[in-house]
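One structure below.
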Amino acid sequence: MHNFNYELLFYLVLLVIAIVFAFKAQPRLSNGVKLSLFLLLSMSLSAVVRLTNFDSDIAVYAEAMQFKVFSFYYLREPVVWLGQRAAFSLFDSEVLVFMLFDFFVFLALYVAFSNYRLPFYAYFSFLCFFPFVLGMQNVYRQWVSAVFCLLAFSFVYRSYLNRYLAFLVAGLSHNVAGVFISAFFLLSKSKIEKLAGAFFLAVTPAIVFFAAGSKSAASTGQNLVVAYLGLLVLFTVFMVLSSRLKIRLYERPSYLVICIGIYVSLFAAIFLTSTGAERIAMYSLMLIYPHLVNFFEWHYKQRFILRILMTIGGFFPILIFGTRSFLV
């Protein structure tokens, strides 16, 4: 984690705020105050992260803002690549461009979590969740894509148009959203969409296989995908035990998302390099996060203990290893 002292300090502040709200998950604050507080703190995080020297992948994005080339590589994922070029032409500042994009990502995250009706602490604990931290500081396009995919999934019973628009933004930010298209359709109540979801679920292995040929073959050498798969399985076991081996109607979307996350990650581990598989597994972890939080609220009386464990445990890998141990 670059500029370690300032960033670590701010993440610890966010952890404390999340823990405070864990004791009072639904504080007596208006929606406007909640939104303002979340954007103030999340954009403060953005400023702390972006007002430092760019590392790793972020330096590549900063450099790409000034490119004039329009190759297929950039055109197939235009939201970030071309969107940041357009913003840079207006602001002439890499930092301002990143912060502008961060703002829209944080706003999308707030709307998604509001749609999921999550307790307020989760908004801040997610900012410290290690896949979110890694995405914000390393795999930027995937980070943007994952948040808008969360937004698309959260709209499933609310807005047909917004749901499709959010998923389109996710896919045009990073094509990895395409491997979760089966979940997008299967979450719907529409029979036609469910049939489409079943079809895409069946061809997911082929989608992942062909994606292997279009992505970088670079590998971190860490091969952490097994650990991520183990974490997804552990979450599944926790959810099943929490519901006492009964799958209730309102729990089905949660099981659907996590099972497809395991399914996709497993084939990614088979067909992709360790880096590619790890990134898909981290994407899955971000998608399951709101469902896991809701299981705490649905099934436990002393849920504040689980809230605190989730908050601290989600940041613990970053605290111990930093971001460089996961992705280069």
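The values are calculated or read from the model by the stated rules, or taken from the named source; none is laboratory data. Here the structure is a predicted model, which is why all the values come from computation and not from measurement. Cβ coordinates were reconstructed from backbone atoms using ideal geometry, including for glycine residues, and neighbour counts include every protein chain displayed. Surface areas here come from the heavy atoms of the whole protein model, side chains and all, with no ligands, DNA or RNA. Shrake-Rupley method; radii C 1.70, N 1.55, O 1.52, S 1.80 Å.
If you run the Gaussian network model on the chain, springs between alpha carbon atoms under 10 Å, then out of Ala277, Ala268, Ala62 the most flexible one is Ala62.
Can you sort Ile258, Ile207 by 1.4 Å-probe accessible area, starting with the largest?
Working: Ile258 0, Ile207 55 Å².
Ranked from most to least accessible, the order is Ile207, Ile258.
Rg/Rh for region 74-231 (Cα atoms only, Rh after Kirkwood) is 0.97. Loop-located trypsin sites (Lys or Arg not before Pro) in region 72-148 (DSSP state other than H, G, I, E, B) with a sparse environment of at most 15 neighbouring Cβ atoms within 10 Å: Arg76, Arg117.
With every protein chain kept in the model, how would you rank Tyr228, Tyr160, Tyr263, Tyr73 by accessible area, 1.4 Å probe, largest at the top? Let's see the in-between values first.
Numbers: Tyr228 10, Tyr160 150, Tyr263 65, Tyr73 100 Å².
Final ranking, largest accessible area leading: Tyr160, Tyr73, Tyr263, Tyr228.
What's the carbon and sulfur percent of the chain's accessible surface, probe 1.4 angstrom, rounded to a whole number? Looking at the chain in its full context, I get 70 percent from C and S. In whole Å, how far is the Cα centre of region 63-126 from that of region 276-303? So the separation of the two Cα centres works out to 23 Å. Accessible surface for Phe210 stands near 150 Å², nearest 10, in the context of the full protein assembly shown (1.4 Å probe). The HN-Hα couplings worked out from phi for region 287-303 by the Karplus form 6.51 cos²θ - 1.76 cosθ + 1.60 (θ = phi - 60°) are 5, 7, 3, x, 5, 5, 4, 5, 5, 4, 6, 6, 10, 10, 7, 8, 5 Hz, whole numbers, x standing for Gly and Pro.
Relative contact order of the chain, taken over Cα pairs closer than 8 Å and 6 or more residues apart, is 21 percent.
Ligands, DNA and RNA excluded, the heavy atoms of Leu245 present near 130 Å² of accessible surface to a 1.4 Å solvent probe. Among the trypsin sites (Lys or Arg not before Pro) within region 1-65, those in coil by DSSP and having at most 11 neighbouring Cβ atoms inside 10 Å are Arg28.
Rounded to the nearest 500, the 222 nm mean residue ellipticity of the chain from helices alone is -24500 deg cm²/dmol, with -39,500 (n - 2.57) taken per DSSP H run of at least 4 residues. Looking at the chain, the accessible area is 45 square angstrom per residue; that uses a 1.4 Å probe and ignores ligands, DNA and RNA. In angstrom, the C-alpha Rg and Dmax of region 225-317 are 13.6, 42. Between Tyr160 and Ile192, the contour length at 0.36 nm per residue exceeds the Cα-Cα span by 10.1 nm. Over region 1-136, one equal point on each Cα, no solvent: what is log10 I(q)/I(0) by the Debye formula at q = 0.13, 0.15 Å⁻¹? Results for region 1-136 at q = 0.13, 0.15 Å⁻¹ read -0.62, -0.80.
How do Phe321, Phe167 rank by accessible surface area computed with a 1.4 Å probe, from largest to smallest? It would help to have the intermediate numbers written out before the result.
Details: Phe321 125, Phe167 25 Å².
Descending accessible area places them as Phe321, Phe167.
For region 220-320, the relative contact order works out to 33 percent when only alpha carbon pairs closer than 8 Å and six or more residues apart are counted. Each 20 Å bin, from zero up to the one with the longest distance, holds this percent of the alpha carbon pairs of the chain: 32, 62, 6.
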